[in-house]
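None of the figures in this text is laboratory data; all of them are computed from the coordinates on show. All values reported here derive from a predicted model rather than from experimental measurement. Glycine gets a Cβ as well: all are built from the backbone with ideal geometry, and neighbour counts include every protein chain shown.
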Ligand code: 13P
Ligand code: SF4
């Protein structure tokens, strides 16, 4: 492993490359990344970096967003097949129908979506800024794609607006069950429950805190409590342990690993740094049309 890490560091210097990694990546990948974060933080870093090459250890929509925000930079994905299933769970045809049926509606697109869906949307959001951005929009009617759970969570906080939801979901978070939550609470009665808003309402209604991966880590850092039940992908444990080494974290017993995120191994990073293969490339029309909702998010999410 140390040979791999040494070579990655040499190539990073030689090629002026930066490694961005999401909190769900394997631990050894988070260990070698220059920046680790949630989707919003990584999009901001991708926009601000002066590196020539961005290696994005995440899933496809993250690499695409980095490329759209940085047309002149080379964005490499350690594994091109790392994709988020939810990113495909909406359709441009349905967006067109909804726009027709509800003139004046705003199409709000969770960043976990394909570039094609972003092109058909008015603004992007992440789990850390969705409420703020939807509140700031002048539109009263909102079509929220693709995640029904985040959409419903945002809608509860903004009762003055009317929402249309889409049936997309994250296979990991949508699979968490209330029975498992109750079992964990019985085992750890003093623990706080922290959940990502991609989880269903049967989880969120029991949660002491609901937020993005970065929000969950901040909550733990600022809390006097020592035990936490965590309803999100298990890769977050690395950052939680770093932030609070003496605290205890409990996870659902099954199904909290995102197989796509785990494809981002140090070996895969070394491969793309060496070969410069797996470049994210999008046609110029997609780049232009998807940039608008992403830039609007960065502006409104400040
Ligand atoms: P965050 O923006 O909270 O990091 O979430 C990204 C994601 O894919 C959650 O499943
Ligand atoms: Fe997509 Fe879920 Fe994996 Fe996040 S955890 S990247 S939403 S499949």
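Some observations on this one:
- Any hit, the range 218-228, residues being closer than 17 Å to residue 31 by Cα and in contact with a strand residue (DSSP E or B) (Cβ under 9 Å, 6 or more places away or on another chain): no
- For the range 287-302, a tally of residues being loosely packed, with under 15 Cβ neighbours inside 10 Å and under 30 Å from residue 221 (Cα atoms) returns 2.
- Residue match in the range 110-119 (condition: under 16 Å from residue 164 (Cα atoms) and either surrounded by fewer than 19 Cβ atoms within 10 Å (Cβ to Cβ) or touching a residue at least 60 places away in the same chain (Cβ under 8 Å) (or both)): no
- Screening the range 196-217 for residues that are out of contact with any strand residue (DSSP E or B) (no Cβ under 8 Å at 6 or more places or on another chain) and part of a loop (DSSP other than H, G, I, E, B) and picking the one that is nearest to residue 177 (Cα to Cα) gives 200.
- Those residues of the range 163-200 which are without any contact (Cβ under 8 Å) to a residue 60 or more places away in the chain, touching a helix residue (DSSP H, G or I) at 6+ places or on another chain (Cβ under 7 Å) and surrounded by fewer than 15 Cβ atoms within 10 Å (Cβ to Cβ), in sequence order: 178
- One residue stands out among those in the range 265-286 that are touching a residue at least 60 places away in the same chain (Cβ under 8 Å) and in a loop (DSSP other than H, G, I, E, B): the one that is surrounded by the most Cβ atoms within 10 Å (Cβ to Cβ), which is 280.
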